[in-house]
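**Student:** Okay, handing you the structure first.
The values are calculated or read from the model by the stated rules, or taken from the named source; none is laboratory data. All values reported here derive from a predicted model rather than from experimental measurement. Positions of Cβ are backbone-derived with ideal geometry, glycine not excepted, and every protein chain shown enters the neighbour counts.
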Amino acid sequence: MRDVANRLLDMAEAHNINLTVTSLLKLVYFAHGWQLALNQGPLIGQKFEAWQHGPVVRVLYDAFKSSSGSIISTRAQKFSAEQSAYILANSEFSTTVEELLESVLLAYGRYHPFKLSDMTHVPDSPWTSVWEAGERGEAPGMKISNEKIKAYFLKKNIGDTFFA
């Protein structure tokens, strides 16, 4: 998942798009949702949680929280047992995933972080259903299932939403 975030940051830099922590977290969420809907499998293995400002993967937030309130200029690292050191989180992605990440970046990356957050808070969204259940005490851990995310993105009109 850190490798996905790093790839999005590299692509954003190449397109002169500045990303904040909030922007990056939402882009990973949108990419994961579209991956589930279009390619029938998850993009990342970690579960999203319903936080106040939208879906968040805690590990990803922790990797970039030092950039909170500013443009991200660093890249996430991971621990390499083989090297007994932290190294840049980097992976090779299939052409399909590369194209998906770039499409998500170009479709959503131009929006202000608050707008991206608002886009996750719409009625019947996975975040909204978990957040409301949490307010009733019915969502321990506030986890958003891949099934909810996939069902939501399958209902979306790609032409209207993906390239809004």
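**Student:** What are the residue pairs meeting all of these: first residue in the stretch 91-108, first residue more than 12 Å from Arg7 (Cβ to Cβ), second residue of a type in the set (Phe, Trp, Tyr) and assigned to a helix (DSSP H, G or I), Cβ atoms under 6 Å, and 6 or more apart or on different chains?
**Tutor:** Tyr108/Phe30
**Student:** So, in the stretch 109-129, of the ones that are under 13 Å from the mean Cα position of the chain (by Cα) and surrounded by fewer than 20 Cβ atoms within 10 Å (Cβ to Cβ), which residue ends up nearest to Gly69 (Cα to Cα)? It would help to see each step written out before you state the result.
**Tutor:** Here is the first cut: in the stretch 109-129, the ones under 13 Å from the mean Cα position of the chain (by Cα) are 109, 113, 116-117, 119-120, 127.
Among the residues that remain, those that are also surrounded by fewer than 20 Cβ atoms within 10 Å (Cβ to Cβ) are: 113, 119.
Numbers: Pro113: 11, Met119: 20 Å.
Among those residues, the one meeting the criterion is Pro113.
**Student:** Could you list all residues from the stretch 13-29 that are aliphatic (A, V, I, L, M) and crowded, with 21+ Cβ neighbours inside 10 Å? Walk me through it before giving the result.
**Tutor:** Of all residues in the stretch 13-29, those aliphatic (A, V, I, L, M) come to 14, 17, 19, 21, 24-25, 27-28.
If the condition is that a residue be aliphatic (A, V, I, L, M) and crowded, with 21+ Cβ neighbours inside 10 Å, then Leu19, Val21, Leu24, Leu25, Leu27, Val28 are the ones that fit.
**Student:** Is there any pair with a first residue in the stretch 129-156 that is free of Cβ contacts under 8 Å to residues at least 40 places away in the same chain and within 10 Å of Ala50 (Cβ to Cβ) and a second that is exposed (fewer than 11 other Cβ atoms within 10 Å of the Cβ) and among the acidic types (Asp, Glu) whose Cβ atoms are under 9 Å apart and which are 6 or more apart or on different chains, and what are they?
**Tutor:** Close Cβ pairs satisfying both conditions: Glu132/Glu138.
**Student:** Within the stretch 114-125, identify whether any single residue is farther than 13 Å from Arg7 by Cβ and in a strand (DSSP E or B), and answer yes or no. Before the answer, list the steps.
**Tutor:** Filtering the stretch 114-125 for residues farther than 13 Å from Arg7 by Cβ gives 114-125.
Narrowing further to those that are in a strand (DSSP E or B): none.
Within the stretch 114-125, none of the residues are farther than 13 Å from Arg7 by Cβ and in a strand (DSSP E or B).
**Student:** Can you tell which of Lys143, Lys148 is closer than 19 Å to Gly41 by Cα, touching a helix residue (DSSP H, G or I) at 6+ places or on another chain (Cβ under 9 Å) and surrounded by 17 or more Cβ atoms within 10 Å (Cβ to Cβ)?
**Tutor:** Working: Lys143 fails: surrounded by 17 or more Cβ atoms within 10 Å (Cβ to Cβ).
Sole residue among the options that is closer than 19 Å to Gly41 by Cα, touching a helix residue (DSSP H, G or I) at 6+ places or on another chain (Cβ under 9 Å) and surrounded by 17 or more Cβ atoms within 10 Å (Cβ to Cβ): Lys148.
**Student:** Continuing with the same structure: Give the stretch 126-144 a look and list any residue that's outside any helix (DSSP H, G or I) and among the charged types (D, E, K, R), or say none.
**Tutor:** Narrowing the stretch 126-144 to residues outside any helix (DSSP H, G or I): 136-139, 143-144.
Matches in the stretch 126-144: Arg136, Glu138, Lys143.
**Student:** Scan the stretch 47-69 and report the pairs whose first residue is surrounded by 12 or more Cβ atoms within 10 Å (Cβ to Cβ) and whose second residue is in a helix (DSSP H, G or I) and of a type in the set (Val, Ile, Thr), with Cβ atoms within less than 6 Å and a gap of 6+ or a chain change.
**Tutor:** If the second residue must be in a helix (DSSP H, G or I) and of a type in the set (Val, Ile, Thr), the pairs left are Ala50/Val130; Gly54/Thr120; Pro55/Thr120; Phe64/Val21; Ser67/Val21.
**Student:** Moving on. Do we find that Phe153 is out of contact with any Gly (no Cβ under 6 Å at 6 or more places or on another chain), modelled with pLDDT of 90 or more and either of a type in the set (Phe, Trp, Tyr) or assigned to a helix (DSSP H, G or I) (or both) in this structure?
**Tutor:** Values: out of contact with any Gly (no Cβ under 6 Å at 6 or more places or on another chain): no; modelled with pLDDT of 90 or more: yes; either of a type in the set (Phe, Trp, Tyr) or assigned to a helix (DSSP H, G or I) (or both): yes.
The answer is no for Phe153.
**Student:** Identify, from the list Thr96, Thr74, the residue that is surrounded by 11 or more Cβ atoms within 10 Å (Cβ to Cβ) and either on the phi > 0 side of the Ramachandran plot or not in a helix (DSSP H, G or I) (or both).
**Tutor:** Working: Thr96 fails: either on the phi > 0 side of the Ramachandran plot or not in a helix (DSSP H, G or I) (or both).
From the options Thr96, Thr74, the qualifying one is Thr74.
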